[in-house]
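*Asks:* One structure, as structure tokens, below. Some questions next.
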Amino acid sequence: MIEYTVVATDQRYGEFSVEREILGDVAEIRRLDEDGVSLADADALINHVDVVSAADVDRLERCRVIARYGIGVDNIDVEAATERGIYVANVPDYCTEEVPTHAIALILALDRQLKQYGTGMAAGEWKTDRAAEIRRFSEETVSVVGFGRLGRGVGDRAAALGATVLAADPYLGPDDVADHDAELVSFEEAVERADYLSVHSPLTPETEGMIDADVFARMKGTASLINVARGPVVDEAALIEALSAGEIAGAGLDVFETEPPAVDNPLRDHPRVVATPHQAWYSEESERECREGVARAIRQALEGERPETAVNDP
């Protein structure tokens, strides 16, 4: 029997067939942009990239859970939700294969100078001279900043390809990396030794702008930055300046400070940047897992349980 209303603030998929497989017998799913639908109608809220502010939370008169498509919940006022007795749930394990693979793809594209060679081919050229100095990947060092589930995936893949892997994470000790072919070092050492600095930190007040001008100044001139985490972790203006000044060799970016980035953002078409439109998470399998995870969290909350993926304890 349909007892509940689930309201979606936004959703990239265009329909809710997967979610209805799990929720269809207990809840109807409505979009917030439908006529007559408001936050006050929500017994549960589905969210993707829209900001859910404290003011929005105050309008949730009977909501039990805000479930977000994704891992990070930085666009939701978790504190306000907790004060109102509302769970906030994410899907922490839905793209643990895709994101590390995408990061490695960006690293290898930069390492093998694929953009430069591909651009020449597209222009009708056949340049067999070097696009830039290329080193054997087994001679390279990949520094992973944030050695959680996704960071470990990058480290494991890089090590399997022969690279030296450094891990920088203030919350980990040597035992936490013992099962991985990685050396735990300080953030400063990871920056200075990196040929590829791959960022996998969550966006928090402490990490916002963490990769800044000082970091770029301490990187090797031949090193590149990889960011498949959150755009604001990197000071974008400082990155553009570092690329222009030749302080670093390149960047592989799937995320940006503002998404989508402005059409005139130089990172879109910089010759030494490989950029993708926040798609590191995607595969057909991961998309379904994400949608199922959101629906399961909502169902658990509607049935009076604590969602397994809740990030708070209201």
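*Asks:* Can you give the alpha-carbon Rg of region 98-275 over 2.2 N^0.38 Å, where N counts its residues?
*Replies:* Numbers: Rg = 15.7 Å, N = 178, 2.2 N^0.38 = 15.8 Å.
For region 98-275, the normalised Cα radius of gyration is 1.00.
*Asks:* Work out how much length residue 240 to residue 79 would gain on full extension: take 0.36 nm times their residue separation and subtract the Cα-Cα distance, in nm to one decimal.
*Replies:* On the way: separation 161, 0.36 × 161 = 57.96 nm, distance 3.42 nm.
Stretched fully, the residue 240-residue 79 segment lengthens by 54.5 nm.
*Asks:* On to the next question. Say R0 is 51 Å: what FRET efficiency, to the nearest 0.05, do residue 133 and residue 206 get from their beta-carbon distance? If you can, show how the numbers build up before the last one.
*Replies:* On the way: r = 36 Å, r/R0 = 0.70.
After rounding to 0.05, the efficiency reads 0.90.
*Asks:* If you add up the charges near residue 184, with Lys and Arg at +1 and Asp and Glu at -1, over every other residue whose beta carbon is less than 9 angstrom from its beta carbon, what do you get?
*Replies:* Working: positive: none; negative: 169, 176, 183.
Summing Lys/Arg as +1 and Asp/Glu as -1 gives -3.
*Asks:* Still on this structure: Return the whole-Å distance between the Cα centroid of region 86-155 and the Cα centroid of region 218-278.
*Replies:* The distance from the Cα centre of region 86-155 to that of region 218-278 comes to 13 Å.
*Asks:* Looking at the chain, identify the longest residue range that excludes and avoids all chymotrypsin sites (Phe, Trp or Tyr not before Pro) in DSSP loops having at most 10 other Cβ atoms within 10 Å.
*Replies:* Free of exposed loop sites, the longest segment is 172-314.
*Asks:* Can you pull out the GluC sites (Glu not before Pro) in region 188-260 that DSSP calls coil and that have at most 13 other Cβ atoms within 10 Å?
*Replies:* On the way: sites: 188, 189, 192, 206, 208, 236, 241, 247, 257; in loops: 206, 208, 247, 257.
Answer in residue order: 206.
*Asks:* Here's another thing I want to ask about it. So, R0 is 45 Å and r is the distance between the beta-carbons of residue 186 and residue 123; what FRET efficiency does that work out to, to 0.05?
*Replies:* Working: r = 44 Å, r/R0 = 0.97.
Working from the Cβ atoms, E equals 0.55.
*Asks:* Measure off 7 Å from each Cα along the Cα-to-Cβ vector at residue 262 and residue 175, then give the distance between these two points in nanometres to one decimal.
*Replies:* Once both label points are built, they end up 5.0 nm from each other.
*Asks:* Tell me, in nm to one decimal, what length is gained between residue 214 and residue 113 on full extension, where the rule is 0.36 nm per residue of separation less the Cα-Cα distance? Don't skip to the answer; put the middle values down first.
*Replies:* Values: separation 101, 0.36 × 101 = 36.36 nm, distance 2.61 nm.
The residue 214-residue 113 span can extend by a further 33.7 nm.
*Asks:* Can you give the calculated 222 nm mean residue ellipticity of the chain, where each DSSP H run of n ≥ 4 adds -39,500 (n - 2.57) and the sum is split over every residue, rounded to the nearest 500 deg cm²/dmol? Can you show the working numbers first?
*Replies:* Numbers: 10 runs with 95 residues, N = 314.
Helix contribution divided over all residues of the chain: -8500 deg cm²/dmol.
*Asks:* On to the next question. Just add up the charged neighbours of residue 139: K/R +1, D/E -1, any other residue whose Cβ is under 14 Å from the Cβ of residue 139. Show your work: numbers first, answer last.
*Replies:* Numbers: positive: 112, 135, 136, 193, 220; negative: 111, 133, 140, 195.
With Lys, Arg at +1 and Asp, Glu at -1, the net is +1.
*Asks:* Let me ask something else about it. Could you list, bin by bin from short to long, the percent of Cα-Cα pairs of region 211-302 in 5 Å steps?
*Replies:* 3, 13, 21, 19, 13, 9, 7, 7, 5, 2, 1
Bear in mind these aren't lab numbers, they're just calculated from the coordinates by the rules spelled out. Note that the structure is predicted; figures quoted are calculated from it, not measured. Glycine also receives a Cβ, built like all others from the backbone with ideal geometry; neighbour counts cover every protein chain displayed.
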